[in-house]
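Take a look at the structure below.
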Amino acid sequence: MTRIALGLAYRGQQYQGWQSQPSGRTVQDRLEKALSTFADETIGTLCAGRTDAGVHALNQVVHFDTSKERDPFSWVRGVNRYLPADIAVQWSAFPPADFHARNHARSRRYAYLLLESAVRPAVEAGAVGWVFKPLDQTAMEAAAALLLGEHDFSAFRAAECQSPTPVKTLRAISIARRGAYWRFEFEANAFLHHMVRNLMGTLLAVGQGSRPPGWAGEVLASRDRSAAAPTFAPDGLYFLGPRYDAELNLPTHTPAMDWLP
């Protein structure tokens, strides 16, 4: 058996998230069906980071085992032939036999793309979040600084989260603006269920002036989900992918990433 790693990009609007469901309307279900058809054998996959319904990915990494022998790029073009237009394999690689897409990830990265406008998005509907009140970047950056480091992030954890611990290390948050669009980036060793969307809700409450920057630290210290802002929309959330040890030589960038402002 050969272990293979793939990098995927997908739009999450039409899917019930990554993880397989009885409905079959998930990214994992579509990918495994395409892989199994191409390889002419049943293939199961494991991903680096599960995404929720409506959330997108630009470099989701999966691994699987197969008895079939194919050239690396055949796993890209061949599998894409059987995938819908909004899911595409970006690259393939042959990592060591013990490679594990989830357990070997040193960190994970997300970006949130947000439109600040008096008018809701149209052409980019489903691909960006939206606020109509002006945002204060300085205030949001001050709030973000209070969230960095190793903490108990229970205040930003969904009730259905299955993580064995709420303690995570948030390594970086960056906030940038380009025209009417804001880009928020988050990197952590791992994320709790809805953690990024809950962080976004809190940062935006500060950015819109309804809360002071120091409130973010108070929410974090409370370890109480009810103390934080509501979970923000999934529309503008993109999984940028995991980071692995350099010796694995796995791609950290895909052409899909150049689409984001």
- Sort through Val55, Val27, Val62 and tell me the only one that's touching a helix residue (DSSP H, G or I) at 6+ places or on another chain (Cβ under 8 Å), surrounded by 20 or more Cβ atoms within 10 Å (Cβ to Cβ) and either under 25 Å from Trp259 (Cβ atoms) or modelled with pLDDT of 95 or more (or both). Val62
- Scanning the range 1-55 for residues that are without any contact (Cβ under 8 Å) to a residue 12 or more places away in the chain and touching an Asp or Glu at 6+ places or on another chain (Cβ under 9 Å) gives Gln21, Ser23, Thr42
- Looking at (1) over 14 Å from Gly129 (Cα atoms); (2) surrounded by fewer than 17 Cβ atoms within 10 Å (Cβ to Cβ); (3) small (Gly, Ala, Ser), can you tell me which one Ala180 breaks? (1)
- Note on the structure: If we ask which residues in the range 19-48 are in a loop (DSSP other than H, G, I, E, B) and touching a Gly at 6+ places or on another chain (Cβ under 8 Å), their number turns out to be 2
- Note on the structure: Within the range 142-200, residues farther than 24 Å from Trp259 by Cα, among the polar types (S, T, N, Q) and assigned to a strand (DSSP E or B) come out as Thr169
- Item | Options Ser163, Ser107, Ser74; residue that is among the small types (Gly, Ala, Ser) and over 19 Å from the mean Cα position of the chain (by Cα) | Ser74
- Positions within the range 30-42 being surrounded by fewer than 21 Cβ atoms within 10 Å (Cβ to Cβ) and over 21 Å from the mean Cα position of the chain (by Cα), in sequence order: Lys33, Ala34, Ser36, Thr37, Ala39, Asp40, Glu41, Thr42
- Query: What pairs come up if the first residue lies in the range 238-251 and is under 7 Å from Ala57 (Cα atoms), the second is among the hydroxyl-bearing types (Ser, Thr, Tyr), and their beta carbons are under 7 Å apart, counting only those six or more places apart or on different chains?
  - Reply: Tyr238/Tyr110; Phe239/Thr51; Phe239/Tyr110; Leu240/Tyr110
- Are any of the residues in the range 115-123 in a strand (DSSP E or B), at pLDDT 95 or above and in contact with a strand residue (DSSP E or B) (Cβ under 9 Å, 6 or more places away or on another chain)? yes
- Query: Mind checking whether some residue in the range 205-228 is within 24 Å of Tyr10 (Cα to Cα), in contact with a Gly (Cβ under 9 Å, 6 or more places away or on another chain) and outside the structural domain of Ala57 (by TED's automatic domain parsing)?
  - Reply: no
- Query: Can you tell me which of Gly201, Gly214, Gly207 is surrounded by 14 or more Cβ atoms within 10 Å (Cβ to Cβ), more than 23 Å from Thr51 (Cα to Cα) and touching a residue at least 12 places away in the same chain (Cβ under 8 Å)?
  - Reply: Gly207
- Message: Filter the range 49-84 down to the residues that are part of a strand (DSSP E or B) and not small (Gly, Ala, Ser) and list them by number.
- Response: His56, Leu58, Asn59, Gln60, Val61, Val62, His63, Phe64, Asp65, Thr66
- Looking only at the range 237-249, and only at residues there that are under 24 Å from Gly17 (Cα atoms) and of a type outside the set (Ser, Thr, Tyr), the one that is surrounded by the fewest Cβ atoms within 10 Å (Cβ to Cβ): Arg243
- Message: Every residue in the range 236-261 that is modelled with pLDDT of 95 or more and closer than 22 Å to Gly12 by Cα, please.
- Response: Gly236, Leu237, Tyr238, Phe239, Leu240, Gly241, Pro242, Arg243
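The values are calculated or read from the model by the stated rules, or taken from the named source; none is laboratory data. In this text the structure is predicted, and so the values were computed from the model without any measurement. Virtual Cβ from ideal backbone geometry, glycine too; neighbours counted across all protein chains shown.
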